[in-house]
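The values are calculated or read from the model by the stated rules, or taken from the named source; none is laboratory data. Small disclaimer: the values here were computed from a predicted structure and weren't measured. FYI the Cβ positions are ideal-geometry reconstructions off the backbone, even for glycines, and counts take in every protein chain you see. Keep in mind that these areas ignore ligands, DNA and RNA; they rest on the heavy atoms of the full protein, side chains included. Shrake-Rupley method; radii C 1.70, N 1.55, O 1.52, S 1.80 Å.
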Amino acid sequence: MIKLSKLIKCAAIALPLILGACKSTKTVENVNVTTTVPTEKQEFLNKVSDNAQYTKFITSKIKFQVQVGAQELSLTGNLKMKRDDVIRLQLMAFGFVEAGRLEFTKEYVLIMDRINKQYLKVSYDQLDFLRNSGLNFYSLQALFWNELFMPGKAKVSESTYKEYETIPDGNDIIISLDQPALSYKWLAGQKDGEIKMVNVMHKSKIRNTQLNWDYRDFKPLGNKKFPTDNVIVFTTGEKEVKLGMKLNYIKSESDWETRTEVSAKYKQVTVDEILRRFMAL
């Protein structure tokens, strides 16, 4: 049977740390800032916000392509999300056996190793990259749902628009937000406000950590569009994790339990233990 130390560790590093088949052909770095006038900025940010999904649930079959260093892995799974409540990724072995599960709620991150019957359940401030990058449940939700976010807040409102800079870049607009040691950037189409890419950079004296998330192949979901091809690159120091995540048969199913009950047969491990296993690649 596939070892979960090879299967889940790749995805578990990439996904919760917000997290491709290839690097983006466009960058949002090193652009001369020329902000638009406030009215234009507000109109554009409203356009971006208007692309948000109305649906409460998003569910889909998923095909993953994971690369960590010279190692590559293909696997399937399921994505189940309920807005403002939970994000769940189920990783399948042989296409039908659940080998691992990642679950994000407002209170905790749950990583389950179904094969070895181990699990990690921690708050967001116990995971270094999430804590250092100011990413909480709502930020992760925005990444998965292809939406703008404001670090530390549950949602983006017109009252927070003043904190963003909007930077023209050809047919696109870069939305930029800088904080001490942190940089957040979104690339969105100037005409449709569709978010094409997100970049999160945490800078430190030890090493820089960066997440780049590309959105591609937008398809109808309700009366809006949703990206079905996600290309994610997570870089820390000299280590890079690439994740391709393609959604198939995307729906809005609501008939599923939104919380995972961990069996008493499972052993809880520490953050250090599980990260040591993940990083031993």
**Item:** the stretch 77-126: C-alpha gyration tensor shape, a/c 1.5 cut-off, then a/b vs b/c
**Value:** oblate
**Complete:** Everything considered on the Cα gyration tensor (a ≥ b ≥ c; rounded for a/c under 1.5, else prolate if a/b is larger than b/c, else oblate), the stretch 178-280 must be described as oblate
**Message:** As an exercise, identify the chymotrypsin sites (Phe, Trp or Tyr not before Pro) in the stretch 44-117 lying in DSSP coil whose Cβ has no more than 14 other Cβ atoms within 10 Å.
**Reply:** 54, 94, 96, 108
**Item:** Simple spin-label estimate for residue 50 and residue 239 in nanometres, 7 Å along Cα-Cβ
**Value:** 4.4
**Request:** Give the long-range amide H neighbours of residue 146: residues separated by 5 or more places, or on another chain, with amide H under 5 Å away, using H modelled in the peptide plane at 1.01 Å from N.
**Result:** none
**Request:** Taking all protein chains together and a probe of 1.4 Å, list 257, 273 from the most accessible to the least accessible.
**Result:** 257, 273
**Message:** Is there a quick way to get the dipole size of the stretch 145-281? I mean about its Cα centre, with the Cβ of Lys and Arg at +1 and of Asp and Glu at -1; what is the value in debye to the nearest 20?
**Reply:** 400
**Item:** Hull-based mean projected area of the stretch 136-237, where the convex hull spans the alpha carbons, in square nanometres
**Value:** 7.4
